[in-house]
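Engineer: Just dropping this structure here.
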Amino acid sequence: MSAVRPFPVASIADRREPEFSVVVDESGVPLANGERVEHANFDHAASTPCLSTVAEALSEALPFYASVHRGAGHHSRVTTEAYERARRSVGRFLGVRTEPEDAVVFVRGTTDALNLLARSLPEGCTVIVPESEHHASLLPWEHPASRAARVQRLPLAGSPEAAVEAVRTALAEAPEGPVLLCVTAASNVTGEIWPVRELVRAAHDEGARVVVDAAQYVPHLPFSLEETGADYVALSAHKLYAPFGSGVLAGRADWLAEAAPYLSGGGASAHVDTHDVVWNDLPARHEAGSPNVLGAIALAAACETFTPEVLERRHVSETVLLERLRAGIAEIDGVEELTLWGPEHPRVGIVSFTVEGIPADLVAAALAAEHGIGVRDGLFCAHPLTRHLLPEGHTQAVRASLGVGTTGEHVDRLVGALAELAEHGPRWEYVEIDGRLEAWVDTER
């Protein structure tokens, strides 16, 4: 029997059915009129709150927290086991294939993951990426440190079928050598789900590989490397109710194993002398420095909570709320939903829209100050796509995204607030403070 014992509770799955609550301030949020209301959080696509199961897992881990991998003390050994157990949990969540075929590398988030892959490409690699991507998956390939020999951006496609056909054409015309297709699983602007399996088949038919940005998809639906056939997947923990600065790049080990370390330093190096450095094998090769152990444990707790069955059930109930929101928005004159592939295309819980005659930042400010509703305004780090979808006369949009804790009352409050804004405009006067609009309250009255 090992002398190293895990935390008192080994995993979420071992202890009970998951509790779908998040850590929130139950005192509510202040309104401009001085009242307080329950916060209606419609900004999950930017960053999710912390699951109660995640908070509990961290509370259990903190008393044992220590360095990992090289410490001889009991707490260091316990923490090392917890860190590696987290890696296995995340791997199961993502349908990682068996070692040594696949690897799970902890990073800071999706942006970090795709920059790591960009620096790990084999010589002469062509990268194909639709221009509809989030900047995290659109830009790393063009960074000066990227090893991509060439990058081809694909124009926005008018349908899923057109997107697959454009990829097929680009793959067929690509130069000799390795090719990587980068594609999202679900748009962070419209929520529309991309045909990942079809794109993977198209790529593999031409001998290319596929990396999937699943940051917006995995909080809503199960994703599996094995089932989709994708070669790599990237995600951010702060989109998955574990907001502690971690993320993952998982997938084919060979390119990562052959690349120079993403960062040089302790952990990545196996042997250093005055003349030479021998780098570690995966995953340590790309996890230099002291790893974000608590971030990994938090992410694993979220992955253990969101089993495929749980995600499927949640998606059904969330779709009811999403359709309630979209139907309500469709009834409001002057409010227009953004969509690339039409209102009937399957999507996750994200809706972006504009309000005629009111700038997006003013809409967001009024929803917060007058109704206690949190949304996102802007171009959502997907400038080419969002600008393409905007109606004439608008430079930015508003995004409402659903998640754990969203209720029917929240949806109805948002629809009612938008109807009031569209008809009457904001109730309060707004001024810019530190770059954001805020309701002006005369404190001397």
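Engineer: Taking H410 as the residue in question, decide whether it is within 22 Å of L311 (Cα to Cα) and surrounded by 21 or more Cβ atoms within 10 Å (Cβ to Cβ).
Structural biologist: Spelling it out, H410 is indeed within 22 Å of L311 (Cα to Cα) and surrounded by 21 or more Cβ atoms within 10 Å (Cβ to Cβ).
Engineer: Okay, next question. Pick out the one residue from R70, R87 that is of a type outside the set (A, V, I, L, M) and in a helix (DSSP H, G or I).
Structural biologist: Just a single option satisfies the conditions, and that option is R87.
Engineer: Within the set of pairs 6+ apart or on separate chains, which have a first residue in segment 108-125 that is without any contact (Cβ under 8 Å) to a residue 40 or more places away in the chain and surrounded by 22 or more Cβ atoms within 10 Å (Cβ to Cβ), a second that is among the charged types (D, E, K, R) and part of a loop (DSSP other than H, G, I, E, B), and C-beta atoms under 9 Å apart?
Structural biologist: Filtered contacts from segment 108-125: A118/R147.
Engineer: If V316 satisfies every condition in (1) part of a loop (DSSP other than H, G, I, E, B); (2) surrounded by fewer than 19 Cβ atoms within 10 Å (Cβ to Cβ) but one, which is the exception?
Structural biologist: (1)
Engineer: Could you tell me which of the residues A118, A40, A57, A46 is within 26 Å of D281 (Cα to Cα) and among the small types (G, A, S)?
Structural biologist: The match here is A118.
Engineer: Something else: Across segment 319-363, what is the total count of residues that are part of a helix (DSSP H, G or I) and crowded, with 23+ Cβ neighbours inside 10 Å?
Structural biologist: Qualifying residue count, segment 319-363: 4.
Engineer: Within segment 98-165, considering only strands (runs of 3 or more DSSP E) that don't extend past its boundaries, which have at least 2 residues that are within 19 Å of A234 (Cα to Cα) and not assigned by TED's automatic domain parsing to the domain that holds L340?
Structural biologist: Because the criterion is at least 2 residues that are within 19 Å of A234 (Cα to Cα) and not assigned by TED's automatic domain parsing to the domain that holds L340, the strands (runs of 3 or more DSSP E) in segment 98-165 that meet it are 102-107, 126-130.
Engineer: For the subset of segment 130-154 comprising residues that are over 23 Å from the mean Cα position of the chain (by Cα) and of a type outside the set (A, V, I, L, M), which member is surrounded by the fewest Cβ atoms within 10 Å (Cβ to Cβ)?
Structural biologist: P144
Engineer: Evaluate segment 139-160: report whether one residue or more is touching a Gly at 6+ places or on another chain (Cβ under 7 Å) and modelled with pLDDT of 95 or more.
Structural biologist: yes
Engineer: Please go through segment 170-193 and give me each residue that is in a loop (DSSP other than H, G, I, E, B), surrounded by fewer than 22 Cβ atoms within 10 Å (Cβ to Cβ) and not aliphatic (A, V, I, L, M), ordered by number.
Structural biologist: P175, E176, G177, P178
Engineer: Would a scan of segment 290-302 turn up a residue that is surrounded by 12 or more Cβ atoms within 10 Å (Cβ to Cβ), in contact with a Pro (Cβ under 6 Å, 6 or more places away or on another chain), not assigned by TED's automatic domain parsing to the domain that holds I350 and not in a helix (DSSP H, G or I)?
Structural biologist: no
Engineer: Looking for whichever is part of a strand (DSSP E or B) and either within 23 Å of the chain's Cα centre (by Cα) or not β-branched (V, I, T) (or both) here; the options are V398, V404. Which one fits?
Structural biologist: V398
Engineer: Here is a follow-up. For the condition within 21 Å of P219 (Cα to Cα), surrounded by fewer than 18 Cβ atoms within 10 Å (Cβ to Cβ) and polar (S, T, N, Q), what is the one hit in S47, S67, S89?
Structural biologist: Going through S47, S67, S89 in turn, just one is within 21 Å of P219 (Cα to Cα), surrounded by fewer than 18 Cβ atoms within 10 Å (Cβ to Cβ) and polar (S, T, N, Q): S47.
Engineer: Residues to consider are E206, E173; find the one that is of a type outside the set (G, A, S), more than 26 Å from T305 (Cα to Cα) and in contact with a Leu (Cβ under 6 Å, 6 or more places away or on another chain).
Structural biologist: Only one candidate passes the filter, namely E206.
Engineer: From the set of residues in segment 209-224 that are buried (at least 24 other Cβ atoms within 10 Å of the Cβ) and of a type in the set (G, A, S), which is farthest from V127 (Cα to Cα)?
Structural biologist: The residue in question is A215.
Engineer: Something else now. Here are the criteria: (1) on the phi > 0 side of the Ramachandran plot; (2) at pLDDT below 95. Tell me which single one E17 does not satisfy.
Structural biologist: (1)
Engineer: What is the number of the single condition among (1) among the aliphatic types (A, V, I, L, M); (2) in a strand (DSSP E or B); (3) within 16 Å of L31 (Cα to Cα); (4) in contact (Cβ under 8 Å) with a residue 60 or more places away in the chain that V441 does not meet?
Structural biologist: (2)
Engineer: If you take the residues in segment 364-381 that are touching a residue at least 40 places away in the same chain (Cβ under 8 Å) and either in a loop (DSSP other than H, G, I, E, B) or among the acidic types (D, E) (or both), which one is surrounded by the fewest Cβ atoms within 10 Å (Cβ to Cβ)?
Structural biologist: Out of the qualifying residues, it is C381.
Engineer: Tell me the residue from A61, A82, A32 that is outside the structural domain of A301 (by TED's automatic domain parsing), surrounded by 20 or more Cβ atoms within 10 Å (Cβ to Cβ), over 25 Å from D231 (Cβ atoms) and not polar (S, T, N, Q), please.
Structural biologist: A32
The values are calculated or read from the model by the stated rules, or taken from the named source; none is laboratory data. Keep in mind that this is a model prediction, so the values were computed, not measured. Reconstructed Cβ throughout: ideal geometry from the backbone, glycine too, with neighbour counts over all protein chains shown.
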